[in-house]
Structures are given as structure tokens and as C-alpha cells.
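Below: one structure, written as C-alpha cells.
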Amino acid sequence: MKMLEKRRLATPGDLLVEGDYIAGKNTYKEDGKIYSQRLGLVEFDGKKVSVVPLKGPYIPKVGDVVIGLVSDVSLNGWTVDINAPYKAVLSVMDVTGKSFSPKFETLTKILDIGEVVVGKIVAFDRTRDPTLSIRGPGLGKIEDGVIVNLTPTKVPRLIGKKGSMINMLKNETGCEIIVGQNGKILVKGRDPKKVNQVIKAIKIIEGEAHTTGLTDRIKVFLESEKKGEAD
Amino acid sequence: MSVQKLVNEKGLRIDGRRLDEIRPIKMEVGLLANADGSAYVEQGRNKVLVAVYGPREAHPKYVGLHDRAVIRCRYHMAPFSTEERKSPAPSRREVEISKVVREALEPAIFSEQYPRSMIDIFIEVLQSDGGSRCVSITAASLALADAGIPLRDLVAACAVGKIDGNLAVDLSDIEDKLGDADMPVAIIPALNRISLLQMDGLFTEEEFVKALDLARNACMKIYEIQKQTLRQKYLQEKEEDNEKG
């Protein structure tokens, strides 16, 4: 039986383990051998072997909060670009909460092309485009703030274990941060300096997502920035 | 038999290689910021740049398939890639190579994970010196891996041929033109499958078996370099971090 150490970097087609194991995410089984599907870090969870990818597209999942750009207006709703291979649809009923009559209302007055929304994916499967909803706490049209891009597979690193990283960022800078699972992050804050610090921190996470001890390093970075401000 | 000797008395070829020796290879990944994945491969005097986009929305929508992603591949030679200027319009040869490269890569891609979407592979040959379709496959599979597209394995490709009656691996342009046969092979090592096998010229049955074996060995050498390149990209960053910390 062959087994590789934990947190090893695997390339597609790498033989991860042989024998009585379960193929987890981003791996596949062939003749009792488990291979990696993607470039990423190997993780063992009991009998389950999986790979955490370093790069990759965002694939919508029901329940995900995403940040999207309104890219088109149709007769009864909008098309939203959510940085995925599939365009999301947002219906006018969902936004206004009542039936829509084109006689009295204009869709573009509610939401226009180029505007940005925070939404939740309420339905998606292989046969249908994702449906978005912007009704709920924290959801809706974005009025101000900065949007930062992050590779979608690195979003879990930005959040950290039980939100350790994101909470630390929020507490240290006092900024409001909304993380879209699709790799779009909204940063809102009164002080542009603080907003800039968050953006810089996100860029560090982007570059070093595959390394360990990231939360501590970000903390050190933020503290040094604070010192710089005081001087 | 050709006028120019392709193999000398010592068993060395024009460029000084042994018969079973591949040309020096240099690989790089992730060098194009706009593309989702990219790779650059130099093999001898071949220089190939590949950009991968996707999976992205199938456009126009009707080309999308309901059970898997559509894979599009474009092999193109730059006008300055050959000795004589090559017209930039796609030639018959380029259309054919686009197809065989796509078919060599398709069995390695988990395209069923992204129905109704599209994956685009753009291959640009900047300089060519024989065996550019093999270099293209090698580079394209690297770019796919760099884009984070799920693959069964990387695809490695290399040609074998017959020059002056000897079997030789990874033919250069002049060896291809003056030689007796040329056979490009692409393999998917994890599946133990051959995904490209073409031949022009003549081999005897024994020669073919031997040639295929030579090609397999050469492909495995290239495959190891591919894996090394992918790993290197992230390990390097890791080392840099350690130096910083």
C-alpha cells in the first residue's frame, strides 16, 4: 500500500493512494488506485482522500452568497454575471416582491445594466442556469464600496477556519467585508487607508493561499501597516 | 536514401543527439495574465505558446452540449514561425492539427463536470522545427492543468521516426523531411492510453513495435518534466515566502 504525506502538492494524474480508500473531491478512482484530477494540495480525512485545488472556475452551489454584475435586462428580470460558466437569472418578482406590470414600472429603474448585487443562489442543477435571489439580510443592490477579485478556489482561505481569517480582518480594520463565493469580495469602510489594507491583505492571500500559517502572517502584516500609520 | 547523412558513423545525428535522445526542453506555466491558464514550451527550436479559457459560457448558446463541455482547439502558426513567411490564414494542415490535438486532449478532460459550457484552447506556434503538434499537445495539457480544469492526467507527446534506416526519437524538421518515416504519439500515462497515433512514411511491423516503445519512453521523460514544471511554480513561491519569513 502506498500513501503520500499530507498537504503534498499534487498534479493532475498523480497517484495519491492505492487500496481501500474513498475518492473524495477532485480525485478519481481507476483500478483501485486514486488519482488527482487537479493541481492542488492532498488531504486525508480518515479513509477519504481529496484534493484542495489551487486554481479553478467557480461552480454555483445552492445557498452560496455571490456578488454579480447585472449584464442584461429581459422582459421579466435580469441576467447576472456571477463569474461562473453559467449566467444567473434574477426575476423581478424576487426583487419587488409583487407582480410586475410593464405599464407602470420600468425594469431599468429598479436595476440597470452595470449595477452590482449581492445575491444568494436559490436553484441550480446541471440542466438549468442558476437562479438568484436578493431578498434577505445582507443581500441586495450594492451602493458603495470596492470590489476585489480572488481566485474562487481560494475563498475558503480568506474565510479561514470557522471564519478566523475574515473575522480578524474585520476586527483589525473595522471594514465591512462581504465575501462572494464566486471570488468577488466587497470591501466597505469609512477610511480609505483601511480599505487599502484589506485589499493588500486579500492580494497576499491570493499569492500565498497554498502555504501554512497564513492567518498569522496577515495579522503581522496588518500590525506593521498600523505602525506605519502611527509614525 | 537522402543525399545528406542524417546519422554519422558514431551514431550521432546532425544536431549531435543520440538516436533515443529528445531535444532540450524548457517549460513554463501561468505566464499570461488574461488567460485562465497558459503554458510556454520550447523543445529544441520549437517555441509554442498556449492559452486556455474556460470553462466559460458556451457562445453562441446552441453550440453547448447538455451533458458535457464543448472543447474548441485552434492550432495556429505565426507568419514568422517558418523559414518562408506563412500566410496567417488557417491552412488545411492547421485545421487538421487543431482537430487531432483536440482529440488527443479530450479523453483526459473531465468535460462532463461542466455541461453547457465551453473550453477554449489557443495554440500559437512562434517558431517551428518539426514535431510542433507534439509540442502543442504537451503545452496544451500543461495550460489546462494551470487553468484548474479537472484532468485524468497530463498528456505527453513525442514523435518517433526513421532516419537513414535507424529508428530515432523526436525528429527535427530536416530529419522529418529527409527521413523515411515520422510517427507522432501522445499518451495519457495514468490511463495507459494512446490518444494520438499518426504516421507518414513506412515502418516494418517490427520497426513499428520498437518505435512505439521508443515513443513511450520519450513521452514519459516529457511527462516527468511537465509534472516538475507544475510543481515548481508553487514550490518556488513557497521558498520565496520562507526567505521572506
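Read-outs throughout are calculated quantities, based only on the coordinates presented, and are distinct from any laboratory measurement. Model, not experiment: these values are computed from the prediction. So basically every Cβ, Gly included, is an ideal-geometry build from the backbone, and we count neighbours across all protein chains shown.
What are the residue pairs meeting all of these: first residue in the stretch B:191-209, first residue surrounded by 16 or more Cβ atoms within 10 Å (Cβ to Cβ), second residue of a type in the set (Lys, Arg), Cβ atoms under 6 Å, and 6 or more apart or on different chains?
Between residues of the stretch B:191-209 that are surrounded by 16 or more Cβ atoms within 10 Å (Cβ to Cβ) and residues that are of a type in the set (Lys, Arg), the close pairs are B:Leu191/B:Arg152.
If a residue must be facing chain B (nearest Cβ under 10 Å) and of a type in the set (Lys, Arg), how many such residues does the stretch A:35-57 contain?
Residues in the stretch A:35-57 being facing chain B (nearest Cβ under 10 Å) and of a type in the set (Lys, Arg): 2 in total.
Mind checking which residues of the stretch A:210-231 are among the hydrophobic types (A, V, I, L, M, F, W, C), more than 14 Å from every other protein chain (Cβ to nearest Cβ) and free of Cβ contacts under 8 Å to residues at least 24 places away in the same chain?
Going residue by residue through the stretch A:210-231, those that are among the hydrophobic types (A, V, I, L, M, F, W, C) are A:214, A:218, A:220-222, A:230.
Then keep just the ones that are more than 14 Å from every other protein chain (Cβ to nearest Cβ); that gives A:222, A:230.
A:Ala230 - this is the single residue of the stretch A:210-231 that is among the hydrophobic types (A, V, I, L, M, F, W, C), more than 14 Å from every other protein chain (Cβ to nearest Cβ) and free of Cβ contacts under 8 Å to residues at least 24 places away in the same chain.
Please note which strands (runs of 3 or more DSSP E) are completely contained in the stretch B:45-144 and include at least 3 residues that are surrounded by fewer than 19 Cβ atoms within 10 Å (Cβ to Cβ) and within 14 Å of chain A (Cβ to nearest Cβ).
Result: B:46-57.
From A:Gly77, A:Gly63, A:Gly97, which residue is of a type in the set (Gly, Ala, Ser) and in contact with a helix residue (DSSP H, G or I) (Cβ under 7 Å, 6 or more places away or on another chain)? Break it down into steps so the answer makes sense when it comes.
Working: A:Gly63 fails: in contact with a helix residue (DSSP H, G or I) (Cβ under 7 Å, 6 or more places away or on another chain); A:Gly97 fails: in contact with a helix residue (DSSP H, G or I) (Cβ under 7 Å, 6 or more places away or on another chain).
Within the list A:Gly77, A:Gly63, A:Gly97, the selection yields A:Gly77.
Looking only at the stretch B:8-27, decide whether some residue is without any contact (Cβ under 8 Å) to a residue 24 or more places away in the chain and within 19 Å of the chain's Cα centre (by Cα).
yes
Looking only at residues in the stretch A:106-150 that are of a type in the set (S, T, N, Q) and touching a Leu at 6+ places or on another chain (Cβ under 8 Å), which one is surrounded by the fewest Cβ atoms within 10 Å (Cβ to Cβ)?
Restricting to residues being of a type in the set (S, T, N, Q) and touching a Leu at 6+ places or on another chain (Cβ under 8 Å), the top hit is A:Ser133.
So in the stretch A:168-209, with the set limited to residues that are in a loop (DSSP other than H, G, I, E, B) and more than 14 Å from chain B (Cβ to nearest Cβ), which one is nearest to A:Val117 (Cα to Cα)?
A:Gly180
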